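The values are calculated or read from the model by the stated rules, or taken from the named source; none is laboratory data. These numbers were taken from a predicted model, which means no experiment stands behind them. Cβ: placed from backbone, ideal geometry, glycine included. Neighbour counts: every protein chain shown. These area figures cover heavy atoms from the full protein model, side chains too; ligands, DNA and RNA do not enter into them. Shrake-Rupley method; radii C 1.70, N 1.55, O 1.52, S 1.80 Å.
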Amino acid sequence: MTAALFFEQLLNGMQFGVTLFLMAAGLTLVFGVMGLINLAHGSLYMIGAFACAAVAAATGSFWLGLVASIVAAAFAGAIIEVSVIRRLYDRDHLDQVLATFALILIISEGCRFVFGSFPLFLDVPAILAGPVILPGGLPYPIYRLSIIVVGGLVALGLYLLIAKTRLGIRIRAGEADREMIAALGVDIRTLYTIVFALGAGLAGFAGAMVGALQSVQVGMGEPVLILAFVVIVIGGIGSIKGALIASILVGVVDTLGRVSLPSMFGLFMDPSAASSIGSSISSMLIYVLMAVVLIFKPEGLVSQNG
Amino acid sequence: MRHLKKFAVSALALTLAASSMAYAGGAKIGMITTLSGGGSGLGIDVRDGFMLAINQSDNKDVEVVIEDDARKPELAVQIADKMIQSEKVDILTGIIWSNLAMAVVPSVVAQGKFYLSPNAGPSQLAGKGCNPNYFNVAWQNDNLHEAMGAYANAVGYKNSYILAPNYPAGKDALTGYKRFYEGDLAGEVYTKLGATDYAAEIAQIRASGADSVFFFLPGGMGIAFMKQYAASGVDIPVLGPAFSFDQGILGAVGDAALGVKNSSQWSNDLDNDANKAFVASFQEAYGRLPSLYASQGFDTANLILSALDGADVKDADAFRAALKVAEFDSVRGDFRFGNNNHPIQNIYVREVVKDGDVLTNKIVGLALEQHTDAYAQECGM
């Protein structure tokens, strides 16, 4: 592999990692602060993508679609929190898994009911279409580059929100001791709704950005959800910083593994078998990474208690 | 006296009707197809095409029972059992996916029922596992890929980069392409099934020095690949089977698909009367252009109707013979079955074009003429 190709794959890995981060950030907040396993997080991602595609198709503006994706997903998240999730905080995780799994089915079929079963069209805006030439003569899609930048900005914004604002202090306090913060007069119910809607909005935003690159269809959220769970386990549950580190790590390891393993096996096997075995092993790679991290750091890379 | 006259008239009418229709018996048809979950667009198209033909037919004694398999093999098996045992259907059809077909078809034909496949064509059922009661009205799975391999030779590609998901149909696809393609391979890559990010593969394609890219990525995978490929600025020509460029998907891929060559046994501009009537009536009935899958559903229903015209479905030998001769106006033009009950047919090369605002395909050439699948000799029929 040449240096340029390696660098390009590194960028691809980062971009993949950043989109994972947008999903994982909400998931880890909800899981860390509220102690809730939310399988329907992938459905919020899908809602974002569908809202963006529908609004972009109706108005012709991708940017309005992007705004709509955040609003729609956050709104859906708030409704779900008030109507369903709120009743689940005191239940055990199995009940939460069952209820949020039911939400996946309801939202998926609801989406199909409204939008039909054919994938929707959503393309990157004209200003971000096509490649840009990076230093060193490497062409790289502008849109992917912008995803990396936007993801970085969101990470920074979340850090400032959690570390520097009153809302952030309350979120951290709610994570540490739910009863005490309620006793101090903070409206914990509203706080939870806000956190859930924030996470949902981020997921919807990720869905819209990725939807323009991939395909907007029913069921698009579930594969990402699984990876997002891997990310929050590696990163340490409840930690935004951990989620950022872990998602970049997972993105880079997955991408580089996918590229280099088949050619490594190709050194001592015939190409067809090498490709087949290499791709099978590379798809396990992030789970191997997760296992290794958990052996040495059972609480994840960034532990909340340490 | 008045009564008698009335009786006489209706008797006369009956005789007239009977003599003009020769014989058109009824039948109960069970359709198991994917109507919900991932890939339901394909099942919906097959169903709509099929029901269009049934509704257009004069034969009002055909009853169709439709159930959704949600793309789950175990569910498809349950539905098949129920349809045979309690619904007492004579003919089954509808399955989209090869893994579901493999779970259902062998037991259905073993119970003496007929199965007509409107889509899946796994190699096992074309070769050693062929059965007199199993008819494939679409294609054997490898066919469209083989056609693209032949086309790559014809236009002189010498260094193809080939790409498919890591699952049986993906491997069959690349095998099919390589069976006909004579040039070198710049790379052969199996991606994770369901993957939607192809940045890494596209970077490798750019670096590989290939002169063509052949890919088989059904459904959302193909949409994602084409959009990302177009955005990457790589301009190596892309080839693929019709599945990633068919009517249901083109809208979601958008202009990124323009100009791509793909192989298909059918296209909506195929010049024959049956096809023109089909495209027009499908658009009128459903308000959209028909897809490859809709055309296959339509042909399947018309094949069944043509066989019912001459034979009673309860007389298995006569009905089987009537299916085998395939005396119906296929939307593909000529249609006939080979020894293994799979079609021998032309496979065309289509190009994605823009017709007004709608992306669609037009035929630009013939890839394989009267093509027989590679497994026909292995079949003992």
Distance between the C-alpha centers of the stretch A:71-105 and the stretch B:142-181? Whole Å please.
46 Å
With both partners inside chain B, how many of the DSSP beta bridges are antiparallel, as a percent to the nearest 5?
35 percent
Within the accessible area of chain B, what % is carbon and sulfur when the probe is 1.4 Å and the other protein chains stay in place?
54 percent
Take peptides A:21-27, B:305-311 and line them up by average Cβ neighbours within 10 Å, highest first, as a rough protection proxy.
A:21-27, B:305-311
Which of the pairs B:Lys72/B:Lys171; B:Lys178/B:Lys276; B:Lys171/B:Lys354; B:Lys28/B:Lys324; B:Lys128/B:Lys261; B:Lys158/B:Lys178 have their Cα atoms more than 24 Å apart in this structure?
B:Lys178/B:Lys276; B:Lys171/B:Lys354; B:Lys128/B:Lys261
Express the relative contact order of the stretch A:13-296 as a whole percentage, based on alpha carbon pairs under 8 Å and six or more residues apart in sequence.
37 percent
Please determine, in degrees from 0 to 90 and to the nearest 10, the orientation of helix B:292-310 with respect to the longest principal axis defined by the Cα atoms of chain B, where the helix direction is its Cα long axis.
30 degrees
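Sorted by mean Cβ packing within 10 Å, highest first, what order do the peptides A:34-47, B:52-65, B:125-138 take?
Result, highest mean Cβ count within 10 Å first: A:34-47, B:125-138, B:52-65.
Name the shape class, rounded, prolate or oblate, that the alpha-carbon gyration tensor gives for the stretch B:151-211, where a ≥ b ≥ c are the square roots of its eigenvalues, rounded holds for a/c under 1.5, and otherwise prolate holds if a/b is larger than b/c and oblate otherwise.
Judged from the Cα gyration tensor, the stretch B:151-211 comes out oblate (a/c at least 1.5, b/c at or above a/b).
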Over the whole of B:249-261, what's the average partner chain Cβ count within 10 Å per residue? Rounded to a whole number, please.
2
How would you classify the stretch A:154-249 from its alpha-carbon gyration tensor, with a ≥ b ≥ c the square roots of the eigenvalues: rounded for a/c under 1.5, else prolate if a/b is greater than b/c, otherwise oblate?
prolate
How shielded is B:286-293 by partner chains, expressed as the average number of their Cβ atoms within 10 Å of its Cβ atoms?
0
Around A:Val132, which amide H atoms from residues at least 5 apart in sequence, or from another chain, sit under 5 Å from its own amide H, with H modelled in the peptide plane?
A:Tyr140, A:Ile142
Would you give the gap between the C-alpha center of the stretch A:171-249 and the C-alpha center of the stretch B:321-381, rounded to a whole Å?
50 Å
Which of the peptides B:89-97, A:189-197, B:210-218 is most tightly packed, and how do the rest follow, judged by the mean count of other Cβ atoms within 10 Å per residue?
B:89-97, B:210-218, A:189-197
Taking only C-alpha positions in chain B, Rg and Dmax in angstrom work out to 22.1, 93
To one decimal place, what Kirkwood hydrodynamic radius in Å is obtained for chain A from all pairs of distinct Cα atoms?
20.2 Å
Three-way shape call for the stretch A:12-59 based on the alpha-carbon gyration tensor, with the a/c threshold at 1.5:
oblate
Report the label-to-label distance for A:Ile106 and B:Ile66 in nanometres (one decimal), using points 7 Å from each Cα along the Cα→Cβ vector.
2.8 nm
Provide a whole-number value for the mean count of partner chain Cβ atoms within 10 Å of the Cβ atoms in peptide B:216-226.
3
Convex hull of Cα atoms in the protein assembly as shown, direction-averaged projection (nm²):
36.5 nm²
